[in-house]
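Student: Structure below; questions to follow.
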Amino acid sequence: MRLPFLDRDHILALAPMDDITDGTARRLAHRFGADLVYTEFISAEGLIRDAAKSLRKLHLARDDHPVAIQVFGSHIPSVVEAARVAEQTGPECIDLNFGCPARKVAGRGSGAGLLRTPEKLEQMARAVVAAVALPVTAKVRLGWDEQSINVLDVCRRLEQSGIVAVAVHARTRSQSYSTPAEWDWIARVKQAISIPVIGNGDVREPQDAERMFRQTGCDGVMIGRAALGNPWLFRRIRHYLETGNLPPCPSLQERIAVLLDHLNDAAAEKTELRAVLEMRKTYSGYLKGLPGAARLRASLMKPLTIRQVVDTLGAYQQTAC
Ligand SMILES: Cc1cc2nc3c(=O)[nH]c(=O)nc-3n(C[C@H](O)[C@H](O)[C@H](O)COP(=O)(O)O)c2cc1C
């Protein structure tokens, strides 16, 4: 099965991640082979109230496509209105978040909270599909908790509502991010519905992606945490899928060059200070496996300017070469 806006088998997608998948992270993922990227989730209420943070998240650059804008909310008319606003910025699709486990989201009946009210979830999906011209996708978890797994029912309802593809994060809301993702459920969803299914959870290496495609029959694989500071993962997965060979990890020079691209691009989009502080979340990924990575990472927690980051990396390169 293929997505209506993406003529490709074996889709590789960058997962939506709050405060992480900003324009810079999305563009880097595309540059290194992601077929589809998702924005961070955007509050429907924030968006229709013109909240600055929500509107900032809507900005899409030319090299940011194909992209799904993800919205969340519990009030159906607000989610519909937010989807209409999001549509105006020209993404390839609107994605509905039915998976966020955070108390302030799920506890208020949005995100994974909607898994407890499948009728309402279905009404919301139908209302958004009817309100926008773009395709609408959804991202779900397996259920609220292990006692109430209802992903098959939820996905059938989504398909009947006109949703064009569903991403399944193979954990329940109560499993949060800790227990291993249960890929069997992705396979069961794939059997239960005819729209494309994107599997998600615990893909860290090219072999994991190949295994998820093979074991579940899914149409796409979505990667979250492992892509942080590691945009090459998409290119490496594609190479492995096509040849069966594992490509080498990127060189030190390439890692540092891309890290600095990331930093400079983020600084151009935000402020230099914000970009430098936010980069701290990505260093484990960029430096993974390098000799002395832990010490280098600790020293990169101090800089407050790009110059200081460049100097810290330069000093490391001199000792590493
Ligand atoms: C920091 C962080 C922020 C996240 N934000 C979102 C979000 O905004 N919307 C969403 O649907 N999922 C969000 N997720 C969940 C991821 O999209 C993904 O489902 C999860 O990380 C499992 O995939 P992984 O094992 O590849 O990381 C977030 C996860 C993390 C770690």
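Student: For the chain, set up a GNM with springs between Cα atoms under 10 Å and report which of ALA226, ALA293, ALA52 has the largest fluctuation.
Tutor: ALA52
Student: Another question, if that's okay. In the structure displayed, which of LYS190/LYS281; LYS270/LYS302; LYS120/LYS270; LYS53/LYS281 lie more than 30 Å apart, Cα to Cα? Don't skip to the end; give the middle numbers.
Tutor: On the way: LYS190/LYS281 34 Å; LYS270/LYS302 19 Å; LYS120/LYS270 37 Å; LYS53/LYS281 20 Å.
Cα-Cα > 30 Å for LYS190/LYS281; LYS120/LYS270; rest within.
Student: Can you give me the distance in nm between label points at CYS249 and GLN160, each placed 7 Å from the Cα along the Cα-to-Cβ direction?
Tutor: Label-label distance for CYS249 and GLN160, simple model: 4.9 nm.
Student: Taking only Cα atoms and a 10 Å spring cutoff, compute GNM fluctuations for the chain and point out the largest among THR137, THR117, THR21.
Tutor: THR117
Student: Okay, next question. Between segment 1-77 and segment 107-155, what is the C-alpha centre distance in whole Å?
Tutor: 18
Student: Another question, if that's okay. Using label points projected 7 Å from each Cα along Cα→Cβ, tell me how many nm separate ALA293 and LYS104, to one decimal.
Tutor: 3.1
Student: At 20 °C and 1.002 mPa s, grab the translational diffusion coefficient of segment 252-320 from Stokes-Einstein with a Kirkwood Rh over Cα pairs, rounded to a whole number in µm² per second.
Tutor: Working: Rh = 11.9 Å.
In µm²/s, the coefficient is 180.
Student: Taking the Cβ of ALA34 as the centre, find all other residues whose Cβ is under 14 Å away and add up their charges (Lys, Arg: +1; Asp, Glu: -1). Mind dumping the intermediate values first?
Tutor: Numbers: positive: ARG8, ARG26, ARG27, ARG31, ARG235, ARG236, ARG238; negative: ASP35, ASP63, ASP64, GLU92.
Net of charged neighbours comes to +3.
Student: Next up: Taking only Cα atoms of the chain, what ratio of Rg to Rh do you get with Rh as the Kirkwood inverse-distance radius?
Tutor: Details: Rg = 19.6 Å, Rh = 20.1 Å.
Reported Rg/Rh (Cα atoms, Kirkwood Rh): 0.97.
Student: Which of GLY162, GLY107, GLY199 moves most in a GNM of the chain, Cα contacts under 10 Å?
Tutor: GLY107
Student: Can you report the principal axis dimensions of segment 123-240 using only the alpha carbons, biggest first, rounded to whole angstrom?
Tutor: Here the spans come out as 39, 36, 26 Å, largest first.
Student: Label-point separation (nm) for LEU152 and SER284, each offset 7 Å from Cα along Cα-to-Cβ?
Tutor: 3.6
Student: Given ILE76, THR282, ALA294, which one lies farthest toward the positive end of the charge dipole of the chain, if we put +1 on the Cβ of every Lys and Arg and -1 on the Cβ of every Asp and Glu?
Tutor: ALA294
Student: All other residues with a Cβ under 10 Å from the Cβ of GLU278 taken together, and with Lys, Arg as +1 and Asp, Glu as -1, what is their net charge?
Tutor: +2
Student: What ranking, highest mean first, results for peptides 265-274, 62-71 when packing means the other Cβ atoms within 10 Å averaged over each residue? Don't jump to the answer; show the numbers that get you there.
Tutor: Details: 265-274: 15.6, 62-71: 20.4.
Packing proxy ranking, top to bottom: 62-71, 265-274.
Student: As a test, work out the antiparallel percent of DSSP beta bridges whose residues both lie in the chain, rounded to the nearest 5. Provide the component values of the computation, followed by the final result.
Tutor: Numbers: 2 of 33 bridges.
Counting DSSP beta bridges with both partners in the chain, the antiparallel share is about 5 percent.
Student: Still on this structure: Could you work out how far helix 206-216 tilts from the main Cα principal axis of the chain, as a 0 to 90 degree angle to the nearest 10?
Tutor: For helix 206-216, the angle is close to 10 degrees.
Student: Where Lys and Arg each count +1 and Asp and Glu each count -1, what net charge lies around ASP261 among other residues with Cβ under 13 Å from its Cβ?
Tutor: -1
Bear in mind that the values in this text are calculations on the coordinates, not laboratory data. Bear in mind the structure is a predicted one, so any value in this text is a computation, not a measurement. Backbone-built Cβ (ideal geometry, glycine too); neighbour counts: all protein chains shown.
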